[in-house]
Amino acid sequence: MNRQRLLNRFLQYVRIDTTANEQTSNYPSTPGQLELGRLLLEQLRELGLADAGQNAHGIVTATVPGNLPGAPPVVAFNAHVDTSPETTGAGVQPQVIENYSGGDLVLPGDPGKVISVAGCPELAACLGHTLITTDGTTLLGADDKAGLAIIMELAQHLLEHPEIPHGPVRLLFTCDEEIGRGTQHVDLEQLGATVCYTFDGGGANQIDHETFSADLAVVTVKGVNIHPSIAKDRMINAVRVAANLVDRLPRDLAPERTSGRAGFLHPYTVEGGVAQVVLRILLRDFETSRLAEHAEVIRRAATATERDFPGCTISVETRKQYRNMAEGLAREPRAVQYAIEAHQQLGRTAELTIVRGGTDGSQLTEKGLPTPNLSSGQHNIHSPLEWASLDEMFAACEVGVEIVRRWGADSRSP
Ligand SMILES: [Zn+2]
């Protein structure tokens, strides 16, 4: 494995602006994602991967052919090319800090921006590492260009080391993950993998094996609008009705009051006026069955509110979003087990972690492709204080190699 090559690729990828844009229905949502995809395609072809391609949606795929007889399981690795719209990714100026010796990191483009040990205790575990930060004016985009660089280095390493026994390895680079569209155009049949791993997790040695299950409640409050001058006993103000409804939702069942395995209700947008207000409320829980209970809490609040505002109507419609990855992973226990063994093989202890959110892996797993998420050296994501550890990225490459070796040793049919 080649550290310098890994770093060079990473620095090359973060300089391309791939900020996702939720305001458009284009796919991918921004042209930079196509540009980075083209660069990856070019590099995959230089590696000699004959089937490398970029489809009409910008998704890049390629195969590192296996070197084992028979039909061993196909392992896929995924990372996303886009970056979060929460902080701009235009004009990223990566700063490389060799042999980090501890202490806070002042970012040169905006001295007000400091990555402090107090604010980010993971820094303390990275003494001696090569760290990459921004200059303080943009995000870095290690989420998920660290994943891209890891997978590219992993592919090149496998090609340079034919003595490592492995089945076919599929590479999958997706777009618009940050705006929830990452798996929209992924063709699982064409991918043809038994298992997939996303390199999109923080730090090192973590395996995200559980995510929230998620529904969205759309609450439509219909009032009666009339000019205020003649409104007495006639107007029913949907703004007041909606505010009353939100106030009835249990305050302890909120993201700002919960952690760990506790679920929540999260009213996050409100739109409308006197005649009609539409509220959107996220329902989240690790136990899928509890989503129905959360929806029931909203329905009860709606019924009580309707009673207090005669003449208004409130409808509550729930839509499925994604499901806890653990449900799908249970059907293919090797997916997590072999990742644990890969860490053991390297003398490391993997930590099984849960995500209070969803990943592309939760959607792929639900569609039938078991996809845990692995550490990739990212820290402080979506922020100008984002940073990455090259050492942790390198460690992730090593985990990837051991994972394909472990799957290659599997004698069962795919
Ligand atoms: Zn990501």
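Taking 0.36 nm per intervening residue step and subtracting the Cα-Cα distance, what contour gain separates His161 from Ala125 on full extension?
Extra length from His161 to Ala125 when fully extended: 9.9 nm.
GNM on the chain, C-alpha springs below 10 Å: top fluctuator among Leu47, Leu390, Leu140?
Maximum among the listed residues: Leu47.
Considering only the chain, what is the antiparallel percent among its DSSP beta bridges, to the nearest 5?
In the chain, DSSP labels about 70 percent of beta bridges as antiparallel.
Any idea what diffusion coefficient segment 81-174 gets from Stokes-Einstein, in µm²/s, Kirkwood Rh on alpha carbon pairs, 10 °C, 1.306 mPa s?
It diffuses with D of about 102 µm²/s by this estimate.
Using a 1.4 angstrom probe and counting only protein chains, how large is the accessible area of Lys222 in Å², to 10?
100 Å²
If you count only protein heavy atoms and use a 1.4 Å probe, how large is the accessible surface of Met1, to the nearest 10 Å²?
60 Å²
For the chain, how many pairs of lysine residues have a Cα-Cα distance under 26 Å, where the two are 8 or more positions apart or belong to different chains?
5
For segment 305-390, taking Cα atoms only, what is the radius of gyration to one decimal and the Dmax to the nearest whole Å?
Taking only Cα atoms of segment 305-390, I get Rg and Dmax of 20.0, 67 Å.
First obtain the Kirkwood hydrodynamic radius of segment 29-156 from its Cα pairs, then insert it into the Stokes-Einstein equation at 25 °C and 0.890 mPa s, and state the resulting D in µm² per second as a whole number. Walk me through the numbers before you get to the answer.
Working: Rh = 17.2 Å.
Rounded, D is 143 µm²/s.
From the phi of every residue in segment 48-58, what ³J(HN,Hα) in whole Hz does the Karplus formula 6.51 cos²θ - 1.76 cosθ + 1.60 yield, where θ is phi - 60° and glycine or proline is x?
x, 7, 5, 8, 4, x, 10, 7, 4, 8, x
What are the ³J(HN,Hα) couplings of segment 286-301, residue after residue, when phi is run through the Karplus curve with 6.51, -1.76, 1.60 and θ = phi - 60°? Round to Hz, x for glycine and proline.
6, 8, 4, 5, 6, 4, 5, 5, 5, 5, 5, 4, 5, 5, 5, 4
Which net charge results for the neighbourhood of Met152, defined as the other residues with beta-carbon distances under 9 angstrom from its beta-carbon, given Lys and Arg at +1 and Asp and Glu at -1?
For residues surrounding Met152, the net value is +1.
Return the carbon/sulfur percentage of the accessible area of segment 164-287, one whole number, probe 1.4 Å, all protein chains in place. Before the final figure, lay out the partial values.
Working: 2570 of 5330 Å².
Result for segment 164-287: 48 percent of the exposed heavy-atom area is carbon or sulfur.
What's the extension gain from Ala409 to Arg45 if we count 0.36 nm per residue and subtract their Cα-Cα distance?
128.3 nm
Please compute P(r) over all alpha-carbon pairs of segment 96-236, binned at 10 Å starting from zero, and give each bin as a whole-number percent.
8, 23, 25, 19, 11, 8, 5, 2, 0
Report the calculated FRET efficiency for Ile230 and Tyr268 (r = Cβ-Cβ distance, R0 = 35 Å), to the nearest 0.05.
0.50
Excluding ligands and nucleic acids, what accessible area in Å² is computed for Tyr197 using a 1.4 Å probe, to the nearest 10?
So the heavy atoms of Tyr197 present about 0 Å² to solvent.
Taking θ as phi - 60°, what are the ³J(HN,Hα) couplings along segment 368-381 by the Karplus curve (6.51, -1.76, 1.60), each to the nearest whole Hz, with x for Gly and Pro?
For segment 368-381, the Karplus-derived couplings read x, 10, x, 9, x, 10, 10, 4, 9, x, 7, 8, 6, 5 Hz, x marking Gly and Pro.
Using just the Cα positions, wrap segment 1-104 in a convex hull and report its mean projected area in square nanometres, one decimal place.
Quarter of the Cα hull surface area: 9.9 nm².
Taking a 1.4 Å probe, which of Glu35, Glu98 shows the most accessible area, and what order do the others take after it?
Highest to lowest solvent-accessible surface, that is Glu98, Glu35.
Can you give me the convex hull volume of the Cα atoms of the chain, divided per residue and expressed in Å³?
Spelled out: Cα convex hull of the chain, divided by residues, is 155 Å³.
Using just the helices of the chain, give the 222 nm mean residue ellipticity in deg cm²/dmol: DSSP H runs with n ≥ 4 each add -39,500 (n - 2.57), and the total is spread over all residues, rounded to 500.
Values: 10 runs with 125 residues, N = 414.
Taking each H run of at least 4 residues, the total per residue is -9500 deg cm²/dmol.
Between rounded, prolate and oblate, where does segment 244-342 land on the alpha carbon gyration tensor, with a ≥ b ≥ c its root eigenvalues, rounded for a/c under 1.5, else prolate if a/b exceeds b/c? List each step's numbers first, then the result.
Details: a/c = 3.03, a/b = 2.71, b/c = 1.12.
Because a/c hits 1.5 or more and a/b exceeds b/c, segment 244-342 counts as prolate.
Report the label-to-label distance for Glu256 and Ser315 in nanometres (one decimal), using points 7 Å from each Cα along the Cα→Cβ vector.
3.1 nm
May I ask for the Rg/Rh ratio of segment 276-334, computed from Cα atoms with Rh as the Kirkwood radius, given to two decimals?
Expressed as Rg/Rh, it is 1.16.
The values are calculated or read from the model by the stated rules, or taken from the named source; none is laboratory data. Because the structure is predicted, anything quoted here is derived from the model rather than measured. FYI the Cβ positions are ideal-geometry reconstructions off the backbone, even for glycines, and counts take in every protein chain you see. For the accessible areas, the whole protein counts, side chains as well, though only heavy atoms, and no ligand, DNA or RNA atoms are used. Shrake-Rupley method; radii C 1.70, N 1.55, O 1.52, S 1.80 Å.
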